[in-house]
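First the structure, in the form of C-alpha cells, and then the observations on it.
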Amino acid sequence: METFLTYLYVFLVGGFVCMLGQILVIKTSLTSARILVSFVLLGVILEATTLYDYIYSFAKSGISVPIIGFGASLAKGAILASKTKGVLGVFTGGLEATAGGITAAVIFAFVFALIFKAKTKKS
Amino acid sequence: MLKERKEQTIVFKNKPRIIGNYSIVGPKEGKGPFGKMFDYVMKDDFFGEKTYEKAERKMLEHAIFGATDKAKLNPKDIDMLVCGDLLNQIITSSYAARAYDISYLGIFSACSAMALSIGIGASMVNAGYFQNVACATSSHFSTAERQFRFPLELGNQRPPTSQWTCTASGCTVISSEGRGPYIDSVTFGKVMDFGISDVNNMGAAMAPAAMETMISVFHDTKTTPDDYDLIITGDLGKLGAEILMDLMEQQGYKLRENYCDCGQMMFYYDQNVLMGGSGCGCSASIFNSYVIERLKTGQLKNVLYIATGALLSTTSCQQGESVPGIAHAIVVKSNVVTKSKTITKKEKNKIANKVEKQLSKFKSEEN
Amino acid sequence: MDYTKRNIKYNEYVNSKIPKTRSWPSLFYAFIVGGLICMIGQGIGDGIRAIWPDLAGNAVSNYVSIILIFIASFLTGIGVYDRIGAFAGAGSIVPITGFSNSITSPAMDFKNEGIIFGLCVKMFSIAGPVIVIGVLSSAIVGLIYLFL
C-alpha cells in the first residue's frame, strides 16, 4: 500500500511539474532551452530555500527526475561543499554533485551521435 | 526590344516563352494533393546522398537537367542559369551550378526566388541578350530546419502558426523561341515590414508584401482579380492567405475562388503541417507542374503568380529584429487552344530515368 | 503615414486571427507522459535499491539519472524521442530525459560538419545555457550559505 502511494505521489507531482512546463510553452511560446533553464533555476531556488527536501520527502522521483532535481543537486553540492571546504567548495561543489549526469549525457550523446544519423521529422 | 515601364511592372513585348518545366519533390509532398502532378517524387529525403545539403543540391541539378530535357535542349544550349535557395550563402545553387558550363547568376530572395528568377530570366530573354535561360530554385525541409530552427531529433512541439518547409525543387526554361505559354509581365516587389517579430508566423510577415505587389500588378496593368483564371501566392499558408484576403478587401479588391495559396495546396489537412507548406520549392514545384501543364493544355489562360519571401536570418531574429517580407509577381499567359494529351506515369518514369542517365553521363564527362 | 501605429494595429489584428488551439489535451498529455517518466525513474531507483541495498541514497539517484539519460539518448538516436516530444510537449522536455535529448540531437545533427567543429562544438548549443545558469546560480547560493 505504501509503495502504491509513493508511486501515486511520484506520478502526480512529476505530471504536475511537466504540466507547469507545458503551460509555460503555450502561454509564452518559450523554446525548450528556455524551459530547461527556468526549471533548473527553479530547482536551485527550491534547494536554497530548503523547500526541495520537503517535497522530496513524499514525491521522491516526482521531483528529482524533472530537471528541477538537477538544479537542486547543483545547489545542494555547492552548499555542502561551501560548509566543509570554504570558498573552494563554492567553486567545486555544484559540478561535483552533478558530474555523473553531465558526463553520462556527454558520453552517450557522443556515442549515439556517431552511430545514428538524424532523420527527417515525421510530424 | 523596347519595354514599357509602368511604375513597378515590366510588360514584355517579345513574349518570352516557357519551353521547359520540371518539378521534383520529397516523399511527404508526393503524398499531397498534387503528388501525381510532379515529374519526380523522391523515395527518401536523402536522395542517395550522405547529407541533406548534398541531397538538396542533387535535387536542383536534377530539376535543371529535367527542364532542359523537356525543352528538348542540351544543358550546353542554355545561355544562363538563374538560381536561388534558402541556405546561407545560397550554397545549394552555387554548388549545383558547378556542374554546368553556363554563366550563373545566384540570387537570394528567400521563398520568392522562383518568381524573381523567372522575372530576371524573362527580362534577359525579352531584351534579346540571351536565347535560353534556365530559372531554378530548391528547398529542403531538413536543411532549412537545421539552419533556421532546431535540430531534427529534438523533441519539441511546433507552434500552431508554423509552416512546413517543403522538400521540393523546380526549374523553368525560358526561351525567345518556341511554343507554349509566355510571360506577359513581371512586377518586382518592395520590401515590406509590418513589425511582425514572431519567426514562427511567416505568413503574417509576408502578407503585407504580397498585398503591396498584388495592388501594383492590378494598378499597373489595369486589371482586377476577376480577370485572371488563377491567382496563386507562394507560401503564405492558411493564416497568411486569410490575412491577405482581408488586406486586399480593405484595399477594395475582392479575392474570389480563383485565388489559391501554394502552401495550402501542397499538403492535405491531415498531414500534420499546421499552417501549410513554405519554402521556395513549395511554389516552384506547383508552378512548374500543375500551373504550367494546365497553361500548356489551355485549361488555364491567364495566371498571376506571386511568390512571397520572408527575408530573415537567425542572426537578425536573435537580435530582436522584425521580419521583412518581399513578393515578386509574374503574369503567365497562354494562347494554346488545342488540347494535348496528358503525360502518363510510365512516360514520367521514362523521363526521370533518362534525366538520371544523362546526369551521370554529364558528370563523368566533366571528370 | 505613422509606421509604428500601423505596425501595432497590424500586430493586434494578426493576434486576433491566430487560431486558438485547445490547450487542455496538450496539458493532459504532458501530465501523463511526464508522470510516467518520473514513475519509470522511481521504478529504476527501487530496482537498484533491491539489488544493492548498501548503496547510499545519493548514489542511487545518480544511477537513476544516468540510466534515464542513457535511455533518452538511445531513443533520440533511433528517432523515437522527437515523436514522443511532438505528442507530449513539455512532458518530455522537463524531465532529465529532455536534457539528454537536447544534447544528443544537435550532436547527431551536426555530425556531418566534422567531429570537433560539428559534433563537439554544437553538442551544447541547446543545453549549454542550462549548465551555465545552473552552475552560476548554484555558486551564488553556495556563496550566500558560506556567509550565513
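For the stretch C:124-134, a residue qualifies if it is open to solvent by 50 Å² or more (accessible area, probe 1.4 Å) and at the interface with chain A (Cβ under 7 Å from one of its Cβ atoms), and the qualifying residues are C:P129, C:I133.
Just one of the listed residues (C:I78, C:I51, C:I67, C:I40) is within 7 Å of another protein chain (Cβ to nearest Cβ), open to solvent by 50 Å² or more (accessible area, probe 1.4 Å), of a type in the set (A, V, I, L, M, F, W, C) and more than 18 Å from A:G43 (Cβ to Cβ), and it is C:I78. What are the pairs with Cβ atoms under 6 angstrom where one residue, in the stretch B:318-337, is within 14 Å of chain C (Cβ to nearest Cβ) and the other, located anywhere, is among the aliphatic types (A, V, I, L, M) and open to solvent by 60 Å² or more (accessible area, probe 1.4 Å)? Sequence gap at least six, or different chains. Here the result reads B:P324/B:V191, each pair linking the stretch B:318-337 to a residue that is among the aliphatic types (A, V, I, L, M) and open to solvent by 60 Å² or more (accessible area, probe 1.4 Å).
Quick check on B:A115: is it of a type outside the set (V, I, T) and part of a loop (DSSP other than H, G, I, E, B)? In short, no.
Of the residues examined, C:A90 is one that is at pLDDT below 90 and of a type outside the set (S, T, Y). May I ask you to say which residue of B:M114, B:M124 is within 17 Å of the chain's Cα centre (by Cα) and either away from every other protein chain (no Cβ under 14 Å) or over 15 Å from B:N88 (Cα atoms) (or both)? The match here is B:M114. For the stretch B:252-290, residues that are assigned to a helix (DSSP H, G or I), of a type in the set (F, W, Y) and touching a helix residue (DSSP H, G or I) at 6+ places or on another chain (Cβ under 9 Å) total 2. Within the stretch C:99-117, residues that are facing another protein chain (nearest Cβ under 7 Å) and more than 16 Å from C:S73 (Cβ to Cβ) have Cβ atoms under 8 Å from residues that are outside any helix (DSSP H, G or I) and of a type in the set (K, R) in these pairs: C:N112/B:K50, counting only partners at least 6 apart in sequence or on another chain. Counting the residues of the stretch B:218-253 that are in contact (Cβ under 8 Å) with a residue 12 or more places away in the chain, of a type in the set (D, E) and open to solvent by 50 Å² or more (accessible area, probe 1.4 Å) gives 3. Of the helices (runs of 4 or more DSSP H) that lie entirely inside the stretch A:49-122, those containing 3 or more residues that are aliphatic (A, V, I, L, M) and under 30 Å from B:F46 (Cα atoms) span A:87-115. Among the residues making up the stretch B:183-216, those that are away from chain C (no Cβ under 14 Å), surrounded by 23 or more Cβ atoms within 10 Å (Cβ to Cβ) and not polar (S, T, N, Q) are B:I183, B:V186, B:G189, B:M214.
Would you call B:E249 over 13 Å from the mean Cα position of the chain (by Cα) and not in a loop (DSSP other than H, G, I, E, B)?
Details: over 13 Å from the mean Cα position of the chain (by Cα): yes; not in a loop (DSSP other than H, G, I, E, B): yes.
Against the criterion (over 13 Å from the mean Cα position of the chain (by Cα) and not in a loop (DSSP other than H, G, I, E, B)), B:E249 qualifies.
Among the residues making up the stretch A:21-44, a single one is more than 8 Å from chain C (Cβ to nearest Cβ), of a type in the set (A, V, I, L, M, F, W, C) and open to solvent by 60 Å² or more (accessible area, probe 1.4 Å): A:L42. If I ask for residues that are among the small types (G, A, S) and either under 27 Å from B:E56 (Cβ atoms) or crowded, with 22+ Cβ neighbours inside 10 Å (or both), which ones from the stretch B:158-182 would you list? Within the stretch B:158-182, B:S162, B:A168, B:S169, B:G170, B:S175 qualify. As for the stretch C:24-34, it holds at least one residue that is of a type in the set (G, A, S), facing chain B (nearest Cβ under 8 Å) and on the phi < 0 side of the Ramachandran plot. Filtering the stretch B:11-38 down to residues that are charged (D, E, K, R) and over 15 Å from the mean Cα position of the chain (by Cα), which residue is farthest from A:K119 (Cα to Cα)? Result: B:K13.
Is the stretch B:207-214 home to any residue that is over 30 Å from B:M37 (Cα atoms) and free of Cβ contacts under 8 Å to residues at least 12 places away in the same chain? Within the stretch B:207-214, not a single residue is over 30 Å from B:M37 (Cα atoms) and free of Cβ contacts under 8 Å to residues at least 12 places away in the same chain. Flag set for B:S142, criterion: of a type in the set (S, T, Y), open to solvent by less than 10 Å² (accessible area, probe 1.4 Å) and touching a residue at least 40 places away in the same chain (Cβ under 8 Å).
Looking at the stretch B:127-136, can you tell me whether even one residue there is among the hydroxyl-bearing types (S, T, Y), away from every other protein chain (no Cβ under 12 Å) and farther than 29 Å from B:A96 by Cβ? Scanning the stretch B:127-136, I find no residue that is among the hydroxyl-bearing types (S, T, Y), away from every other protein chain (no Cβ under 12 Å) and farther than 29 Å from B:A96 by Cβ, so the answer is no. I'd like the full set of residues that are modelled with pLDDT under 90 and more than 15 Å from B:A307 (Cβ to Cβ), limited to the stretch B:189-203. Once the filter is applied, which keeps residues that are modelled with pLDDT under 90 and more than 15 Å from B:A307 (Cβ to Cβ), the stretch B:189-203 yields B:G195, B:I196, B:S197, B:D198, B:V199, B:N200, B:N201.
Every test in (1) more than 30 Å from B:N272 (Cα to Cα); (2) in contact with an Asp or Glu (Cβ under 7 Å, 6 or more places away or on another chain); (3) among the hydroxyl-bearing types (S, T, Y) is passed by B:S23 save one, and that test is (1). Checked against (1) without any contact (Cβ under 8 Å) to a residue 40 or more places away in the chain; (2) open to solvent by 40 Å² or more (accessible area, probe 1.4 Å); (3) at the interface with chain C (Cβ under 7 Å from one of its Cβ atoms), A:A48 meets all criteria but (2). Within this structure, B:E257 fails the test of being charged (D, E, K, R) and modelled with pLDDT of 90 or more.
Among the residues of the stretch C:83-91, is any open to solvent by 10 Å² or more (accessible area, probe 1.4 Å), assigned to a helix (DSSP H, G or I), farther than 15 Å from B:Q157 by Cα and within 13 Å of chain B (Cβ to nearest Cβ)? No.
Taking the conditions exactly as written (closer than 15 Å to A:I102 by Cα and open to solvent by 40 Å² or more (accessible area, probe 1.4 Å)), does C:S61 satisfy them or not? When the stated conditions are applied, C:S61 passes them.
The values are calculated or read from the model by the stated rules, or taken from the named source; none is laboratory data. The shown structure was predicted, so the numbers you read here are calculated from the model rather than taken from an experiment. In this analysis, Cβ positions are derived from the backbone assuming ideal geometry, glycine residues included, and neighbour counts consider all displayed protein chains. Surface accessibility is based on the protein's heavy atoms, side chains included, excluding ligands, DNA and RNA. Shrake-Rupley method; radii C 1.70, N 1.55, O 1.52, S 1.80 Å.
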